[in-house]
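Read the structure below first, then the notes.
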């Protein structure tokens, strides 16, 4: 049985803001495909005259990518997709674009909470969703160098997949909705809910509504914790005080307060 039927794919386009959809039973990486096809200029790829927002969807991803050199394990049963949006079309100002990943994470967290009202869902800055203390979703936001106005939002959600076949390191740190509740979920319905949630939060970013970050902070996993963060240039350690309205992590170190826009949390 295919993960998505023809009726599912039609419903996804009918019930969301998606204008174009590419579906694959198996694909190496939805973000890579989106960057190479949906984001290439018309003069170099005239066949790809694609209306936006567009969606790249696969039933199984074989070489999923995370931030930096990280990978994303996404077997059958997981939900893996990439949205391609034109920030000009949505009217997201340049200075607000760093909030796209946080807005997406918040939308994923809020959507899953509707399915799991009795379970603990948290956001780990900048791009992970945690369920009962284990990672259930990751987000990777990328831009094409030759099309800076286009943003690719990659989302992976562990929905109906099992971690029994995963390597030991993933079994101890990751989880899925199925492993948490022992219930199966509709891939198509969940995807529609996620896309609509992401759309709403993207327009919050466009309108510069700072209250959406107040909602984000309610789910913050790191507030009050001693963390170690690699900024790409150096490693810092201290207490996370909050994530501010611009998406910066406020870190209290021995040297004082630091405002960090990007980094990888190595310990928390």
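Taking packing as the residue-averaged number of other Cβ atoms within 10 angstrom, the listed peptides 206-213, 118-125 run from highest to lowest as 118-125, 206-213. Mean residue ellipticity at 222 nm, helices only, the chain: -7500 deg cm²/dmol; runs of at least 4 DSSP H residues each add -39,500 (n - 2.57), and the sum is divided by the number of residues. Where the centre of each part is set by its Cα atoms, how far does region 1-32 sit from region 168-196, in angstrom? Taking the Cα centre of each part, region 1-32 and region 168-196 sit 17 Å apart.
Inter-part distance, region 135-162 to region 85-134, computed on C-alpha centroids, equals 11 Å.
Highest mean first, the peptides 250-262, 129-141 sorted by other C-beta atoms within 10 Å per residue fall in the order 129-141, 250-262.
Throughout, read-outs are computed from the coordinates displayed, never taken from laboratory work. This one's a predicted model, so the numbers in the text were calculated from it and none came from an experiment. For neighbour counting, all protein chains shown are included, and Cβ atoms are generated from backbone atoms with ideal geometry for every residue, glycine included.
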